[in-house]
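Following: one structure in structure tokens, then a few remarks.
The values are calculated or read from the model by the stated rules, or taken from the named source; none is laboratory data. Since the model is a prediction, treat every value here as computed from it, not as a measurement. Note that we place each Cβ from the backbone using ideal geometry, even for glycine, and neighbour counts take in every protein chain shown. Just the protein is used for accessible areas: all its heavy atoms, side chains included, with ligands, DNA and RNA removed. Shrake-Rupley method; radii C 1.70, N 1.55, O 1.52, S 1.80 Å.
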Amino acid sequence: MNGDKILVTRSSMPGIEEYIEEIRPMWDSHWLTNMGQKHQLFQEQLMSYFGADNVELLTNGHMALEMTIQALDFPAGSEIITSPFTFASTTHAIVRNGLTPVFCDIDDKSYCIDAEKIEALITDKTVAIMPIHVYGNICDVDKIDSIAKKYDLKVIYDAAHTFGEKYRDISVANYGDASCLSFHATKVFNSIEGGAVVYKNINLGKRLYNLKNFGILDENTVVDVGANAKMNEFCAAMGICNLRHIGEEIEKRHTVYDRYIAGLKDIAGVLCNRIQDGVQSNYAYFPIIIDEAEYGISRDTLHNILKEKNIVTRKYFYPLITDFECYRDQFSSADTPVAKWVSDRVLTLPMYADLSIEVIDYIVDIIAKAGK
Ligand SMILES: *Cc1c(COP(=O)(O)O)cnc(C)c1O
């Protein structure tokens with residue numbers, strides 16, 4: 001199509017005038033970072049958007065995860081139960097804190113952690129569960145909550161895929177002791193780079209605030225071994241602008257989703273992700289699972305056929321975390337067979353608000369013809 005590449009995602013941006021108006025005051029204030037006015041305003045707007053009492057802004061989603069773990073002060077040698085079907089960030093956040101990830105398998109419908117398999121992995125070293133709401137599908141939050149209560153564990157959700165979603169009319173960010181969000185340029189909602197932690201305990205927030213600014217309490221007092229994870233004013237301003245349009249953006253994604261489903265639902269061997277009951281989705285990704293026996297060709301072959309036609313798709317998440325060079329000597333993907341199965345067959349199709357009906361139909365047509 002016009003020889004132009006159709007990328008797997010495209011960042012949402014406000015009109016340039018709108019952004020300029022938002023950043024204009026900085027040419028008077030000369031206040032560019034360190035918890036300025038835009039930071040303050042964006043934080044308040046997110047609290048009201050999530051219906052949450054506490055939100056801490058960070059420089060990105062990864063630091064939201066990593067600093068939340070640090071702020072909870074787990075003893076050395078502690079274990080955190082998570083799943084391997086995720087972005088590198090989730091596991092790295094655990095390991096970079098010197099703790100041990102324990103991998104639980106996933107559910108074959110939601111691709112989230114299989115809550116039925118968590119209890120068997122709990123040891124006397126387990127301190128937390130770190131589940132991922134994959135593609136905006138929601139983990140079994142009730143079961144996870146009851147396990148956490150029973151064994152006195154913390155729950156830290158990787159909620160990077162869930163911006164704008166509600167489950168049972170509550171913003172998904174409100175589940176767990178903490179939910180970590182990403183506002184990276186490739187996500188449903190972006191602040192260029194950015195992240196946030198929605199949390200329950202005020203003390204966790206105080207520590208996060210401190211940790212993100214080198215652990216500096218005041219002029220003369222440094223209380224913590226922090227780092228630099230502050231959100232700057234330009235990013236906060238982008239977040240403020242994009243937040244004005246998020247409803248519209250999600251509506252457009254919904255239209256894209258419906259069009260894909262209508263086109264793909266009857267193709268044998270192509271399984272689409274379905275929106276779960278009770279979830280108001282953000283339509284963040286459009287993953288399909290390729291069942292080679294039914295479809296006729298493999299996921300990798302389809303990926304290449306689409307690539308030749310300038311359609312960029314992603315094997316997301318592949319490889320599995322436990323197959324990464326940096327982890328494969330310590331862990332085995334054979335321990336999580338469902339995650340392995342999905343990872344070997346999944347492909348995410350281009351998905352963004354302004355993806356045209358014409359292009360969607362073109363992609364669907366290629367997929368329909370490529371199989372047997
Ligand atoms: C994007 C993402 C992150 C990391 O967020 P950044 O803002 O890019 O640091 C973490 N976990 C998941 C599941 C993600 O998709």
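Below is a table of values for the structure above.
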quantity	calculated
Single condition Ala293 does not satisfy, out of (1) open to solvent by 40 Å² or more (accessible area, probe 1.4 Å); (2) closer than 30 Å to Asp169 by Cα; (3) of a type in the set (A, V, I, L, M)	(2)
Subset of the range 173-184 [over 12 Å from the mean Cα position of the chain (by Cα) and within 14 Å of the ligand (Cβ to nearest atom)]	Ala178
Some residue of the range 315-322 being touching a Cys at 6+ places or on another chain (Cβ under 9 Å) and open to solvent by less than 30 Å² (accessible area, probe 1.4 Å)	no
Among residues of the range 335-365, those that are out of contact with any strand residue (DSSP E or B) (no Cβ under 7 Å at 6 or more places or on another chain) and either hydroxyl-bearing (Ser, Thr, Tyr) or open to solvent by less than 40 Å² (accessible area, probe 1.4 Å) (or both), counted	8
Single condition Gly205 does not satisfy, out of (1) more than 16 Å from the ligand (Cβ to nearest atom); (2) closer than 16 Å to Gly61 by Cβ	(2)
Which listed residue is open to solvent by 30 Å² or more (accessible area, probe 1.4 Å) and either of a type in the set (Asp, Glu) or away from the ligand (no atom under 15 Å from the Cβ) (or both), from Arg253, Arg259	Arg259
The range 161-187 residues that are farther than 15 Å from Ile144 by Cα and charged (D, E, K, R), paired with ones that are away from the ligand (no atom under 14 Å from the Cβ) and not in a strand (DSSP E or B) (beta carbon under 8 Å, 6 or more apart)	Glu165/Ser281; Arg168/Gly278
Flag for Asp218 being closer than 23 Å to Leu57 by Cβ and modelled with pLDDT under 95	yes
Any hit, the range 112-124, residues being open to solvent by less than 10 Å² (accessible area, probe 1.4 Å), of a type in the set (A, V, I, L, M, F, W, C), in contact (Cβ under 8 Å) with a residue 60 or more places away in the chain and in contact with an Asp or Glu (Cβ under 9 Å, 6 or more places away or on another chain)	no
Test for Ile192: is it within 16 Å of the ligand (Cβ to nearest atom), among the hydrophobic types (A, V, I, L, M, F, W, C) and open to solvent by 40 Å² or more (accessible area, probe 1.4 Å)	yes
Tally, over the range 46-62, of residues that are in contact (Cβ under 8 Å) with a residue 12 or more places away in the chain and in contact with a strand residue (DSSP E or B) (Cβ under 6 Å, 6 or more places away or on another chain)	11
Candidates Val127, Val141, Val155, Val134 - the one that is within 12 Å of the ligand (Cβ to nearest atom) and of a type in the set (Val, Ile, Thr)	Val134
Check on Val279, more than 30 Å from Leu306 (Cα to Cα), open to solvent by 60 Å² or more (accessible area, probe 1.4 Å) and touching a strand residue (DSSP E or B) at 6+ places or on another chain (Cβ under 6 Å)	no
